[in-house]
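Some notes on the structure that comes next.
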Amino acid sequence: MRFTNTLRVALRALRRNTMRSMLTALGMIIGVAAVITMVSIGNGAKAQVEAQVASLGQNLITVMPGSSSSGGSRGGWGSSTSLTPEDADAILADVKDIDGLSPEIRDRNQILANGLNWNTNVNGVGPDYGYVRNWPMASGSMFTDQDVKSLAKVCVIGKTVADQVFPNEDPVGQTLRIRNLPFRILGVMTPKGFSIFGSDEDDVVLIPYTSHMKRVSRRTNISMIRIQADLPENIASVKLAVEDLLTQRRRGREPDFAVRTQEELATAATATAKTMTGLLAGIAGVSLIVGGIGIMNIMLVSVTERTREIGIRLAIGAHGRDVLTQFLIEAILLSSLGGLIGVGIGIGGSQLLSAYNGWPVVVPTMWIVISVVGSAFVGIISGFYPAYKAAQLDPIDALRYE
Amino acid sequence: MPPVVQIKDIHKIYESGEVPVHAVRGVSLDIQRGEFIALMGASGSGKSTLMNMLGCLDRQTKGSYLLDGIDIDKLDRNELADLRNQKLGFVFQGFNLLARTTALENVELPMLYGRHRKASADEIRERAMHCLEIVGLANRADHMPNQLSGGQQQRVAIARGLVNQPQVLLADEPTGNLDSKTSIEVMGVFQKLNDQGITIVMVTHELDVARYCKRNLILRDGVVVRDAPVEDRSIAAAEMQRIQAAETAAKLTANPAA
Ligand SMILES: Nc1ncnc2c1ncn2[C@@H]1O[C@H](COP(=O)(O)OP(=O)(O)OP(=O)(O)O)[C@@H](O)[C@H]1O
Ligand SMILES: [Mg+2]
């Protein structure tokens with residue numbers, strides 16, 4: 001009951017100065033709205049990166065060649081030429097819990113078709129590539145094991161290549177030339193968009209890796225092996241098994257390969273987005289502090305301005321504690337109300353940004369809670385000193401105050 | 001019945017300035033229930049100082065003060081606040097109403113503190129309304145102070161002073177800001193309350209205001225120099241009628257000339 005009364009008193013006091021209450025809360029509103037918007041943008045960016053990582057495929061494990069050293073200078077990851085299709089075959093034969101696997105050779109080439117030419121990625125892959133990368137065909141079909149065995153001159157193409165080279169017709173069944181060799185187009189893949197690294201995933205021609213090695217690039221090594229584990233919980237064991245097998249196959253030579261899981265990739269890729277989110281939240285946090293100082297300032301002014309009111313209250317029987325609680329509640333109400341409105345504006349603002357700029361935004365529930373609790377906390381902190389000052393006033397001095 | 005107020009040889013010395021000011025120098029005073037006292041004296045004679053001590057807003061430097069048998073000196077800040085809340089009603093000079101707060105809410109204020117805080121919002125409202133009725137302002141309950149005349153504001157302040165059914169109603173210059181007719185109106189409210197048995201102590205500068213009281217005390221340099229019952233007491237109701245009659249007469253005589 002005591003608290004209810006104090007609450008009533010505080011509410012009345014706020015209502016008496018609606019305009020000032022609003023302006024005071026404005027600091028909080030802006031601060032919290034900024035926090036919510038900034039974090040939403042940061043989270044949106046993170047979610048986008050995560051989606052891109054997920055688009056690599058599911059339960060994915062990649063094997064990359066290790067570093068090579070020649071004459072004392074060491075190349076980076078992938079510089080070694082030791083990863084071979086036999087490694088891929090061995091993995092497929094020996095490692096359990098694998099759902100799909102595809103070797104991959106990356107290369108760039110000029111292609112020619114339909115009287116047009118285009119420089120694009122010409123990659124050699126296995127028939128499981130589309131499955132491993134979770135990348136279905138839009139039309140036509142993927143080449144088969146038979147095509148790989150027979151070094152067939154067949155290919156499937158990405159959406160970008162299709163648009164560039166066959167702007168007005170169906171590419172399936174047509175022929176395109178790589179290094180003057182004709183490749184029959186078996187299918188067109190669904191659009192995949194941009195990779196984490198910003199390159200156009202759809203700007204690609206996929207041919208059997210065997211054809212690539214023997215007919216196009218004449219390489220004996222491959223650029224990577226993509227493996228799909230059957231279940232998420234098997235990723236770790238598959239990774240270990242692959243490492244063991246490849247080490248064994250190297251017969252005591254220094255391991256020259258790197259096995260990465262998708263999760264490791266994701267962690268690396270989202271690190272930047274996380275840093276950005278932190279930075280944005282930090283900036284917004286500063287505006288929250290400014291909002292808090294605003295409240296403290298107004299509360300201090302208000303204590304001085306309302307000295308007579310405090311005097312009357314004390315004279316007619318309020319305890320110091322009653323006055324303290326009243327001013328504290330006022331500050332908390334102001335700040336958490338500001339916080340709530342700020343959350344609303346923040347959510348609205350992020351939605352607007354996403355609607356008009358096309359930015360991906362994800363409004364984080366946790367931050368909504370943090371903002372509201374945080375703003376109430378700011379209210380306590382910034383309200384305490386003014387409230388304490390008010391409670392310490394002497395009733396006679398306060399009544400006499402002009 | 002013992003006196004509500006028993007003061008023995010109290011002194012107040014203000015130490016705050018460069019030289020200590022001996023504002024009250026040994027006042028002894030008994031106030032019985034139902035008394036109606038006017039405290040008079042020149043400016044600086046110590047009236048407000050004495051009232052502040054009577055109102056338990058300030059402590060005496062020396063001497064003893066029993067309010068309703070309770071020794072003030074033994075109470076701490078919060079106990080004093082509770083005592084003020086329960087036993088005393090205040091009517092401050094210059095009304096001291098909360099601005100932008102309705103008359104009713106102003107009157108409710110003392111009930112939000114002290115033992116009455118256990119009451120429900122409805123009870124509080126009802127009691128406040130009743131007190132506004134006593135001072136004749138029930139129809140202005142929703143008005144803000146700035147929508148009320150000086151006399152009406154002072155009556156709201158009196159209602160606020162009454163709402164906790166105090167033993168003593170203390171008023172420091174309640175008519176200080178009012179014209180003479182409004183002063184009589186306020187004194188009428190006081191007389192009515194006093195007739196109902198409420199003890200009233202008020203400070204005033206005006207002799208004719210003091211004549212509405214029952215007992216006059218005159219202070220000079222912090223000592224009581226005169227303490228006498230009022231003879232030939234003015235009655236506000238009668239006075240009001242007389243003034244009204246005079247006004248009507250003035251209009252009657254003025255009218256044909258106009
Ligand atoms: N807080 C204070 N500190 C120091 N001196 C004070 C204080 N309050 C009052 N005094 C002094 O005490 C004396 C009595 O003051 P008090 O206010 O009681 O006079 P008063 O009779 O009420 O005068 P008035 O009729 O003008 O209101 C004065 O000389 C005044 O200057
Ligand atoms: Mg005075």
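Descriptive notes on the structure:
- Within region B:23-45, being within 16 Å of ligand 2 (Cβ to nearest atom) and open to solvent by 30 Å² or more (accessible area, probe 1.4 Å) holds for B:Ala42, B:Ser43, B:Gly44.
The rows are residues; the columns are (1) more than 14 Å from chain B (Cβ to nearest Cβ); (2) buried (at least 17 other Cβ atoms within 10 Å of the Cβ).
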{"position": "A:Glu305", "(1), (2)": "no, no"}
{"position": "A:Ser335", "(1), (2)": "yes, yes"}
{"position": "A:Gly346", "(1), (2)": "yes, yes"}
{"position": "A:Leu352", "(1), (2)": "yes, no"}
{"position": "A:Gly374", "(1), (2)": "yes, yes"}
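- Residue match in region B:65-73 (condition: over 22 Å from B:Gly161 (Cβ atoms) and either away from every other protein chain (no Cβ under 14 Å) or within 16 Å of ligand 1 (Cβ to nearest atom) (or both)): yes
- Exclusive hit being modelled with pLDDT of 90 or more, part of a loop (DSSP other than H, G, I, E, B) and open to solvent by less than 60 Å² (accessible area, probe 1.4 Å), set A:Pro171, A:Pro103: A:Pro171
- B:Asn78 away from ligand 1 (no atom under 16 Å from the Cβ), within 8 Å of chain A (Cβ to nearest Cβ) and crowded, with 23+ Cβ neighbours inside 10 Å: no
- Neighbours by Cβ (under 6 Å, 6+ apart or cross-chain): first from region A:1-29, within 11 Å of another protein chain (Cβ to nearest Cβ); second open to solvent by 30 Å² or more (accessible area, probe 1.4 Å) and not hydroxyl-bearing (Ser, Thr, Tyr): A:Met1/B:Lys118; A:Arg16/B:Arg100
- Flag if B:Glu173 is without any contact (Cβ under 8 Å) to a residue 60 or more places away in the chain and in contact with a Gly (Cβ under 9 Å, 6 or more places away or on another chain): no
- Residues (in contact (Cβ under 8 Å) with a residue 60 or more places away in the chain and more than 14 Å from chain B (Cβ to nearest Cβ)) located in region A:376-391: A:Val378, A:Gly379, A:Ile381, A:Ser382, A:Gly383, A:Tyr385, A:Pro386, A:Ala387, A:Tyr388, A:Lys389, A:Ala390
- Any hit, region A:392-401, residues being aliphatic (A, V, I, L, M) and more than 14 Å from chain B (Cβ to nearest Cβ): no
- Filter result for A:Arg250 (under 18 Å from A:Glu86 (Cα atoms) and among the basic types (Lys, Arg)): yes
- Being in contact with a Cys (Cβ under 6 Å, 6 or more places away or on another chain), on the phi < 0 side of the Ramachandran plot and not in a loop (DSSP other than H, G, I, E, B) is a condition met by no residue of region A:233-248.
- Test for B:Leu112: is it at pLDDT below 95 and at the interface with another protein chain (Cβ under 9 Å from one of its Cβ atoms): yes
- Of all the numbered requirements in (1) at pLDDT below 85; (2) over 22 Å from A:Ile235 (Cα atoms); (3) within 31 Å of the chain's Cα centre (by Cα); (4) not assigned by TED's automatic domain parsing to the domain that holds A:Ser302, A:Thr120 misses one, and that requirement is (1).
- When A:Arg321 is tested against the conditions (1) assigned to a helix (DSSP H, G or I); (2) at pLDDT below 90; (3) over 11 Å from A:Ile36 (Cα atoms), the lone failure is (2).
- Some residue of region A:247-260 being within 20 Å of the chain's Cα centre (by Cα) and open to solvent by 40 Å² or more (accessible area, probe 1.4 Å): yes
- Filter pass, A:Leu328 being modelled with pLDDT of 90 or more, away from chain B (no Cβ under 14 Å) and assigned to a helix (DSSP H, G or I): yes
- Answer from A:Gly291, A:Gly311 - the residue that is more than 14 Å from chain B (Cβ to nearest Cβ) and either part of a helix (DSSP H, G or I) or touching a strand residue (DSSP E or B) at 6+ places or on another chain (Cβ under 8 Å) (or both): A:Gly291
- Qualifying residues in region B:91-112 (those that are of a type in the set (Gly, Ala, Ser) and more than 16 Å from the chain's Cα centre (by Cα)) - the one least open to solvent (accessible area, probe 1.4 Å): B:Ala103
Yes or no, residue by residue, for (1) under 17 Å from A:Gly285 (Cα atoms); (2) free of Cβ contacts under 8 Å to residues at least 24 places away in the same chain:
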position: A:Leu314; (1), (2): no, no
position: A:His319; (1), (2): no, yes
position: A:Leu328; (1), (2): no, no
position: A:Val363; (1), (2): yes, no
position: A:Gly374; (1), (2): yes, no
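- Residue within region A:362-384 that is within 30 Å of B:Arg59 (Cβ to Cβ) and within 16 Å of ligand 1 (Cβ to nearest atom) present: no
- The residues in region B:2-14 that are more than 16 Å from ligand 2 (Cβ to nearest atom) and within 14 Å of chain A (Cβ to nearest Cβ) can be counted, and the count is 0.
- Residue count, region B:12-59 (criterion: more than 12 Å from ligand 1 (Cβ to nearest atom), more than 24 Å from B:Phe190 (Cα to Cα) and under 22 Å from the mean Cα position of the chain (by Cα)): 2
- Residues satisfying the stated conditions in region A:230-242, i.e. crowded, with 16+ Cβ neighbours inside 10 Å and touching a strand residue (DSSP E or B) at 6+ places or on another chain (Cβ under 6 Å): A:Ile235, A:Val238, A:Lys239, A:Val242
The values are calculated or read from the model by the stated rules, or taken from the named source; none is laboratory data. All figures in this text were calculated on a predicted structure; none of them were measured in a lab. Note that we place each Cβ from the backbone using ideal geometry, even for glycine, and neighbour counts take in every protein chain shown. When the accessible area is computed, the model is the full protein with side chains, heavy atoms only, and any ligands, DNA or RNA have been set aside. Shrake-Rupley method; radii C 1.70, N 1.55, O 1.52, S 1.80 Å.
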